[in-house]
Amino acid sequence: MPDRMVDEEEFARDEEKDAGASMDGQRRFKDFDCPDCNANNPYDESFGDGEEVRCFYCGQEFVAQVSDEGKLKLKSS
Ligand SMILES: [Zn+2]
């Protein structure tokens, strides 16, 4: 039945929309690589967008920025 084909197409489109509206921007991280000294810093307490982290090796502080794609960026504070 042609009607059913249309229904399936609409269902697939809805699923795509849901995937696009994921929570990646709210992703939290449990470690980071220091942009200054490249040391890997494990964090017991996870951190997310807008939170400050400090490198345990060189002492530099950064502000975490999580993009919509869920990628972590660190800006010197
Ligand atoms: Zn460092």
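Read the figures in this text as sums done on the coordinates, not as results from a lab. Being a predicted model, the structure only gives us computed values, none of them experimental. In this analysis, Cβ positions are derived from the backbone assuming ideal geometry, glycine residues included, and neighbour counts consider all displayed protein chains.
Below are the figures for this structure:
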item	result
Formal net charge of residues neighbouring Gln60 (Cβ-Cβ distance under 13 Å; K, R +1; D, E -1)	-2
Extended-chain gain in nm, criterion 0.36 nm per residue less alpha-carbon gap, Glu45 and Tyr57	2.6 nm
Environment charge of Pro42, counting only residues whose C-beta is closer than 14 Å and scoring Lys/Arg +1, Asp/Glu -1	-1
